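Inspection log for the structure reproduced underneath, given as structure tokens.
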Amino acid sequence: MRIIKTIKQLRQILDKARHKKQKIGCVATMGYFHEGHLSLMRRAKKECDICVVSIYVNPKQFGPKEDLRRYPRDIKHDAAMVKKENVDILFIPSDNVVYPNCYLTYIDVEKISGMLCGKYRQGHFRGVATVVAKLLNMVAPDVMYLGQKDAQQVKVLSQMVADLNFPVTLRVVPTAREKDGLAMSSRNIHLSAHQRAQAPVIYRALKAAVVQIKAGERSASRITGHIHQMIRQDSSGKVQYVACVDADTLEPLKILKGKVLIALGVFFGKTRLIDNVIVPLKNSRKV
Ligand code: AMP
């Protein structure tokens with residue numbers, strides 16, 4: 001595995017690979033790896049000749065009151081983990097490499113960036129879209145692997161790739177979970193033992209919603225109401241939002257139909273956790 005820090009070096013290696021017609025897969029991350037990240041890398045290894053993993057904690061996707069400084073980092077441990085996965089290139093650019101002093105260009109994916117998490121994290125998806133556009137230009141992969149855990153991120157990036165004609169295929173990998181259902185996240189490390197024990201209520205509530213929908217419930221407000229209630233009853237978690245939206249457009253639904261995305265953000269203390277499920281519906285019943 002090669003650890004690369006400059007764009008020039010990265011391009012030299014990848015140009016050679018492209019010349020040999022090798023397929024390049026890319027996994028963009030903020031590091032502090034867990035099984036969720038590894039599942040993306042394994043998929044890339046399986047489907048591509050070269051797997052590039054980037055680690056960059058992108059300051060532009062954190063709001064002024066968010067956890068940029070607190071975001072967990074452990075490059076040495078991360079490097080050891082990706083080496084075990086036989087990742088070919090670990091790209092770790094510095095702030096100067098990604099955003100040189102005179103940096104002025106941003107990517108705004110309108111409308112969908114302001115929905116769901118975007119309502120509460122202004123500028124977040126602008127930062128995400130900008131850094132991913134830059135990484136796509138640096139790595140120029142054939143395929144980029146994204147996690148379903150960040151459902152809105154997948155939507156924003158798919159829109160960007162389509163709108164700006166990036167020659168890349170995006171592949172979405174299912175959410176990796178702990179045994180008790182908690183979605184894996186680098187931020188889980190910040191949970192106290194008590195919060196960690198309570199946090200699986202998030203996925204339990206989502207699964208209960210799926211059961212209700214399968215039993216015929218079609219009212220979005222009743223579904224979100226139940227989720228709120230379960231989280232309030234079983235934990236100290238503070239729900240920031242729960243929403244039932246159209247999985248393709250992210251438009252809010254009153255009556256559930258089509259492909260439904262149920263997404264939520266919950267605070268446990270200062271730690272914000274997100275999760276989601278997709279429920280494909282054929283027809284509507286109880287209203
Ligand atoms: P991050 O380092 O949190 O920015 O995540 C890097 C990539 O890993 C993104 O595409 C995430 O959606 C994905 N990812 C993060 N957590 C998970 C998870 N639990 N399961 C699957 N993919 C994940």
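The values are calculated or read from the model by the stated rules, or taken from the named source; none is laboratory data. Everything numeric in this text was worked out from a predicted model, so none of it was measured. Glycine also receives a Cβ, built like all others from the backbone with ideal geometry; neighbour counts cover every protein chain displayed. Quick note on the areas: whole protein, heavy atoms, side chains included, nothing else; ligands and nucleic acids left out. Shrake-Rupley method; radii C 1.70, N 1.55, O 1.52, S 1.80 Å.
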Inset, instruction - Any lysines with Cα under 16 Å of the Lys257 Cα? List them, leaving off those in the same chain fewer than 8 positions away. - result: Lys214, Lys282, Lys286
Inset, instruction - Calculate the tail of P(r) for the chain: the fraction of all Cα-Cα distances greater than 28 Å, expressed in %. - result: 39
Legend entry - For region 184-271, size of Cβ-based charge dipole, Lys and Arg +1, Asp and Glu -1, in debye: 160
Legend entry - Cα-based reach from Lys84 at 19 Å (exclusive), listing aspartates and glutamates while leaving out same-chain residues under 8 positions away: Glu35, Glu47, Asp49, Asp74
Inset, instruction - Work from the charge dipole of the chain (Cβ charges, +1 for Lys and Arg, -1 for Asp and Glu, about the Cα centre) and give the residue of Leu182, Gly25, Leu261 farthest towards its positive end. - result: Leu182
Inset, instruction - Whole number in Å², please: accessible area per residue of the chain, 1.4 Å probe, ligands, DNA and RNA not counted. - result: 51
Legend entry - Dipole of region 178-282, positive direction: furthest Cα of Gln229, Leu273, Val210, with charges on the beta-carbon: Gln229
Legend entry - Span-rule helices in the chain, defined as complete DSSP H runs reaching 15 Å or more along the axis (Cα) with Kyte mean at least 1.0: 124-139
Legend entry - Principal axes of region 47-122: Cα extent on each, largest first, Å: 39, 29, 26
Inset, instruction - With +1 on each Lys and Arg Cβ and -1 on each Asp and Glu Cβ, and nothing else charged, work out how big the dipole of the chain is about its Cα centre, in Debye to the nearest 20. - result: 340
Legend entry - Within the accessible area of the chain (1.4 Å probe), percent carbon and sulfur: 51
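Taking the Cα centre of region 154-197 as origin and charging only Cβ (+1 Lys, Arg; -1 Asp, Glu), how large is the dipole, in debye to the nearest 20?
Rounded to the nearest 20 debye, it is 120 debye.
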Legend entry - Residues whose placed amide H lies under 5 Å from that of Leu273, excluding near-sequence neighbours: Val266, Phe267, Phe268
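Do any chymotrypsin sites (Phe, Trp or Tyr not before Pro) in region 54-95 lie in a DSSP loop with no more than 15 other beta carbon atoms within 10 Å, and if so, which?
Sites meeting the loop and neighbour criteria: none at all.
When the helix-only estimate is applied to the chain (DSSP H runs of n ≥ 4, each -39,500 (n - 2.57), divided by the residue count), what is the mean residue ellipticity at 222 nm, nearest 500 deg cm²/dmol?
Helix-only estimate at 222 nm: -11500 deg cm²/dmol.
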Legend entry - As computed over region 132-180, the Cα convex hull volume per residue (Å³): 75
Inset, instruction - Enumerate lysine pairs in region 87-182 that are 8 or more residues apart or on different chains, then count those whose Cα atoms are under 25 Å apart. - result: 10
Inset, instruction - If a/c stays under 1.5 just call it rounded; otherwise compare a/b with b/c (prolate if a/b is bigger, oblate if not). Do that for region 167-287, with a ≥ b ≥ c from the square roots of the Cα gyration tensor eigenvalues. - result: oblate
Inset, instruction - For Ile92 paired with Ala197, estimate the spin-label separation in nm (one decimal), with each label point 7 Å from Cα along the Cα-to-Cβ line. - result: 3.6
